[in-house]
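S.K.: The structure under discussion is supplied below as structure tokens; questions concerning it will follow.
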Amino acid sequence: MSTSAPARRSPFRRGKNDGPRASLRQLLPYIFEHRGVIAVVIILSILGAAASLGQPLLVGQVITRVQANDPLGSLVWMLVALVVVSSILSGYQHYLLQRTGTAVVYSSRRRLIARILHLPISEFDARRTGDLVSRVGTDTTLLYAVLTQGLADAVGNALIFVGAMIAMAIIDPLLLVLILVVIGASVAVVGGLSGQIRKHTRVQQEKVGELSSGVERAVGSIRTIRASGAADREEEAITAVASQTYDVGVRVAKASALVVPIAGIALQVSLLVVLGVGGFRVAHGDITIASLVTFVMFLFILIQPLGTFFGAIMSVNQALGALGRIQEVLDLPVETADDAEIAARVASSAEPGRNAEERMDAAGSPLASADPAASTPAIEFRDVHFAYPAAVVESRRKKESEALALLESARVDTSGLDEADETPDGEVLHGVSFAVPRGSRVALVGPSGAGKSTTLALIERFYDPTGGAILLGGQDVRTLERTALRAQLGYVEQDAPTLAGSIADNLRLASPEASDDDCRRVLEAVNLGEVLDRSALGVDAPVGEAGVMLSGGERQRLAIARALLAAPPILLLDESTSSLDGLNEQRMREAIDAVATGRTLVVIAHRLSTVVDSDHIVVMDHGRVVGQGTHSELVESTPLYRDLAKHQLLV
């Protein structure tokens, strides 16, 4: 197996994929969600526009009266009042826009968080965590500028623009035509740049997502990286992505930098044209000085909304580039999207027999039966086939390549590592069939890559089988609501995470109503009582980021305690004692024995010593069941199991 190529490849590089492009129509719901405030902003914009348009007219009248030596009367006070009112309206409008922009970011983050936490597990297997975090944190921030940089007060600016043009047309149509030529040229330039800004912004946000993923990967594996002497190489790889992010950011800055001064250039050129041509027309008596001054003031008023318009184009295009990435996640189906269709299809093809209501008790548990001695297995696999989605397979291969590259860089021999046990079509389980009687302890054993953990993932409905059926209490799991199904299962995964927070926070994840005494009881049951003695805070003692203040074995026992606290009728334990020493392993087995009474256990173990006394053992290899029975039966009947037992000195 060749692994040299991945060692030279950046682990964060992605294929070329521009992704979906967001449209303005997709942006409008975020804005209309706050239509009440937007309506107030529009009213304030109209009033502010009226106050702004009135100022040049009053200035013109003041100049005319001064030239004619007429008294000014209340004109000066009216002009001062307009300026003050315009400033107050502008300030309050700015506050509302800032507040609404913050609300838009909040609502978009709320939608993203709700969608991400309910995505199918396959999406998490196929995507990088850092990229999803970047969409919540960085991409949503760009939506803020949409409201704060001119889009929401477009009505007032449009009114100012049209009103100023009408007034300028009345004063001198010739000067207005010259101004429109300059403005038209500037608008054409901005229009050409807006598409580039949107494109570069999306690429920039994608690179930020890659950078976040790279940092998250490195920080999460910092001990392995340091121990492998790979810190410099990881720094180089992450810095390369940061450099790419910088390059794209420079391209965005260049395009934006061209937009920003266009309004200023348009104003300066327009002002020079007005002063030159207007001064010539004043000298020939075509217009008065008062009219020219009024025209110049209207020109400044006209350019202001034009500059805001240019800024709005830039901010909207940046927001649309980020919104494309946000919308990509929001358009993904949630985990339960197809449940009704799947359940109906399964029900229509189910074997005759009791219906779902007859198999469910009032609590919704398919395991609760009026007859405790019912012969229906707690769990049954019937000719189950399964293949991971193509995106998940590709993502896992990339992660394996990265891991192998890291090992090679540390001069670890990887020649003996096997590739994933999957067929060319990606299938990892091939006709798996076995039953788990109620109240029994069943062990799944076999070499790495045999499909054992995948089997537990299918029971939890993280995925659905691509063929065959999995029954819980005689009912196809696809006809059960996932929440009802998972309420019957206690699942301890192979590398069960410890959440940042306290010991109690981790224990109450599935049992939020559990008391401190309940927490202490399950901790004592898994031999974690000494952890409580380390701090005066007891169960409220912090465990650190990812449980760094606990040992590997303690983290594993904490995960088991969390499952025990929920007291489900079925426990699924995936390598639950792999990080324990001999003494704690024995104590853990005793704890599991104590809580196993009246419960069904499905245990995955590489150490056969932990499962030799199981009621039933299922031997798996390359996604197939190659043997079933007790320890003594399998030693006689199944060569693979016999070899495993010999290597572990059990025969």
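The values are calculated or read from the model by the stated rules, or taken from the named source; none is laboratory data. These numbers come from a predicted model, not from an experiment. Glycine also receives a Cβ, built like all others from the backbone with ideal geometry; neighbour counts cover every protein chain displayed.
S.K.: Take region 94-122 and flag every residue that is more than 19 Å from LEU143 (Cβ to Cβ) and not aliphatic (A, V, I, L, M).
M.R.: HIS118, PRO120, SER122
S.K.: Would you mind telling me which numbered condition in (1) at pLDDT below 75; (2) under 18 Å from ASP574 (Cβ atoms) GLU419 fails?
M.R.: GLU419 satisfies every listed condition except (2).
S.K.: Here's a follow-up. Starting from region 160-176, take each residue that is free of Cβ contacts under 8 Å to residues at least 12 places away in the same chain and of a type outside the set (Lys, Arg) and list its partners that are assigned to a helix (DSSP H, G or I) and crowded, with 21+ Cβ neighbours inside 10 Å, counting only C-beta distances under 8 angstrom and pairs at least six apart or across chains.
M.R.: Once the first residue is free of Cβ contacts under 8 Å to residues at least 12 places away in the same chain and of a type outside the set (Lys, Arg) and sits in region 160-176, its partners that are assigned to a helix (DSSP H, G or I) and crowded, with 21+ Cβ neighbours inside 10 Å give ALA169/LEU176; LEU176/MET168.
S.K.: Another question, then. Looking at GLY60, GLY91, which one is out of contact with any Gly (no Cβ under 9 Å at 6 or more places or on another chain) and surrounded by fewer than 18 Cβ atoms within 10 Å (Cβ to Cβ)?
M.R.: After applying the criteria, what remains is GLY91.
S.K.: Moving on to the next point. Look through region 477-497, keep the residues that are part of a helix (DSSP H, G or I) and in contact with a helix residue (DSSP H, G or I) (Cβ under 8 Å, 6 or more places away or on another chain), and return whichever of them is surrounded by the most Cβ atoms within 10 Å (Cβ to Cβ).
M.R.: Looking at residues that are part of a helix (DSSP H, G or I) and in contact with a helix residue (DSSP H, G or I) (Cβ under 8 Å, 6 or more places away or on another chain), I get VAL477.
Each row is one residue, and each column tells you yes or no for (1) crowded, with 19+ Cβ neighbours inside 10 Å; (2) closer than 30 Å to THR597 by Cα; (3) modelled with pLDDT of 65 or more; (4) out of contact with any strand residue (DSSP E or B) (no Cβ under 8 Å at 6 or more places or on another chain).
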site	(1), (2), (3), (4)
GLY364	no, yes, no, yes
SER375	no, yes, yes, yes
ALA378	yes, yes, yes, no
ARG397	no, no, yes, yes
SER409	no, no, no, yes
VAL412	no, no, no, yes
VAL428	yes, no, yes, no
ALA435	no, yes, yes, no
GLY446	yes, yes, yes, no
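S.K.: Still on this structure, please answer the following. State the number of residues belonging to region 29-39 that are of a type outside the set (Lys, Arg), surrounded by fewer than 15 Cβ atoms within 10 Å (Cβ to Cβ) and under 23 Å from TYR92 (Cα atoms).
M.R.: Counting residues in region 29-39 that are of a type outside the set (Lys, Arg), surrounded by fewer than 15 Cβ atoms within 10 Å (Cβ to Cβ) and under 23 Å from TYR92 (Cα atoms) gives 3.
S.K.: While we're on this one: If VAL187 satisfies every condition in (1) modelled with pLDDT under 75; (2) within 32 Å of the chain's Cα centre (by Cα) but one, which is the exception?
M.R.: (2)
Here's the yes/no breakdown for (1) buried (at least 20 other Cβ atoms within 10 Å of the Cβ); (2) over 28 Å from LEU57 (Cα atoms):
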position	(1), (2)
LEU292	yes, no
GLN304	no, no
GLN318	yes, yes
ASP331	no, yes
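S.K.: Under 7 Å by Cβ, and 6 or more places apart or on different chains, what pairs join a residue from region 106-120 that is touching a residue at least 24 places away in the same chain (Cβ under 8 Å) and under 13 Å from ARG135 (Cβ atoms) with one that is part of a helix (DSSP H, G or I) and charged (D, E, K, R)?
M.R.: Hits for this filter: LEU112/ARG135.
S.K.: LEU471 fails exactly one of the following numbered conditions: (1) under 25 Å from TYR388 (Cα atoms); (2) in a helix (DSSP H, G or I); (3) over 31 Å from the mean Cα position of the chain (by Cα). What is the number of that condition?
M.R.: Failed condition: (2).
S.K.: For region 318-348, give me each residue that is outside any helix (DSSP H, G or I) and acidic (Asp, Glu). First the steps, then the outcome.
M.R.: As a first pass, look at region 318-348 and keep what is outside any helix (DSSP H, G or I): 331-338.
Scanning region 318-348 gives ASP331, GLU335, ASP338.
S.K.: Restricting attention to helices (runs of 4 or more DSSP H) lying wholly within region 27-130, give those where 3 or more residues are of a type in the set (S, T, N, Q).
M.R.: Numbers: elements: 35-67, 75-116, 121-126.
Per the criteria, 35-67, 75-116.
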